[in-house]
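The values are calculated or read from the model by the stated rules, or taken from the named source; none is laboratory data. Note that the coordinates shown come from a computational prediction; the quantities given were computed from them, not determined experimentally. For neighbour counting, all protein chains shown are included, and Cβ atoms are generated from backbone atoms with ideal geometry for every residue, glycine included. Accessible surface areas use protein heavy atoms only, side chains included; no ligands, DNA or RNA. Shrake-Rupley method; radii C 1.70, N 1.55, O 1.52, S 1.80 Å.
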Amino acid sequence: MAKKSAQVESVRDALRVDPDGFDIARLDPAGRPVGPRSKDAAAADLAKVGAELDALQEALYAEGTGGGRRRVLLVLQGMDTSGKGGVIRHVAGLVNPQGLHIASFKKPTRAELRHDFLWRIRRQVPAPGMIGVFDRSHYEDVLVARVDGLVPAAEWRRRYRLINDFEAELVDAGVALVKCYLHISPDKQRERLVERLENPAKRWKYNPHDVDVRAEFSRYQAAYQDALAKCSTPAAPWYAIPADRKWYRNWAVARVLLEALREVAPVFPEPSYDPVVELARLQETDPLR
């Protein structure tokens, strides 16, 4: 399971899912296993994180335009109200939107159902130089498909291997995978659903089907237990993010993403021209003369 000690080298070390000992029931949705202890401290650190994320993303984008193949993919999974949209707004929103590719995976369309479950996912993999964000992902096909009985058990069990193979292909193609499971408690989920119903400005977020899904909370937890344990690999680990505190959730995802980008260490490409020569040409050219 995710390590609990605050004495770690990185946020990723603290939140990484260990497939050999992972127990979702022991995760504290309101926990703060590493990092700031208050909302104000998190906000102050997030400002610093944002500045560095923005700089690294610009270098990654430039590297892509120069022929580099590396890119980053942030995968967000979690129960309704766990904050996938909030992370996109408060974390992905820290960088230049020109370098973002955001994809949201809802119920498959008829056209998508004519293909294998990874077909629509492959079409949304970010291009070189981009940071991709998946609001839900291919994991829906071992979560919803399992809980709702959309496919036989043998099929969703087979998909764990297919997912691991697919993610290994992505890593080999230069994709740095950052998979974050936003772990929310049923009490906090109820609180947020009530808020959506009571606040007219938030009612658009509510779907009556959310209550049906909530009734299956324990079955979804069992599905997440298996998905995270079976698909947290050395090349593409899962990170379990406590999501009851929005400020901590946003800070933790931002830090995990920052550490991944630091590891990628993108570099600006060398120009195909001589800057000194071009400066001289520019100074010699005066269109007003």
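List of remarks:
- Alpha carbon centroid spacing (whole Å) that separates the range 216-284 from the range 123-152: 17
- Near residue 105, once Lys and Arg are set to +1 and Asp and Glu to -1 for all other residues with Cβ below 10 Å from its Cβ, the sum equals 0.
- For the chain, accessible area per residue (1.4 Å probe, heavy atoms of protein chains only), Å²: 52
- Peptides 269-279, 10-20, 47-57, ordered by how many other C-beta atoms sit within 10 Å of their residues on average, highest first, read 10-20, 47-57, 269-279.
- Summarised in one figure, the compactness ratio Rg/Rh of the chain, Cα atoms and Kirkwood Rh, is 1.03.
- For the range 85-229: rounded, prolate or oblate by the Cα gyration tensor [a/c cutoff 1.5]: oblate
- Kirkwood hydrodynamic radius computed over the range 28-96 comes to 14.3 Å, based on all pairs of distinct alpha carbons.
- Electrostatic tally near residue 230: other residues with Cβ closer than 11 Å to its Cβ, Lys and Arg +1, Asp and Glu -1, net +2.
- Solvent-accessible area, 1.4 Å probe, carbon plus sulfur percent, for the chain: 52
- Treating each Cα of the range 116-175 as one equal point scatterer and applying the Debye formula with no solvent, the log10 of I(q)/I(0) at q = 0.23, 0.24 Å⁻¹ comes out as -0.98, -1.04.
- Listed peptides 194-200, 31-37, 64-70 by packing density, highest first (mean Cβ within 10 Å): 31-37, 64-70, 194-200
- Cα Rg, Dmax, the range 173-262, angstrom units: 15.7, 47
- Environment charge of residue 256, counting only residues whose C-beta is closer than 10 Å and scoring Lys/Arg +1, Asp/Glu -1: +3
- Cut-off under 5 Å, modelled amide H: who pairs with residue 70 long-range: 129
- Packing, as the average of other Cβ atoms within 10 Å across residues, places the peptides 147-158, 129-140, 223-234, 240-251 in the order 240-251, 129-140, 223-234, 147-158, highest first.
- Per-residue [θ]222 nm for the chain (sum of -39500 (n - 2.57) over DSSP H runs n ≥ 4, rounded to 500): -14000 deg cm²/dmol
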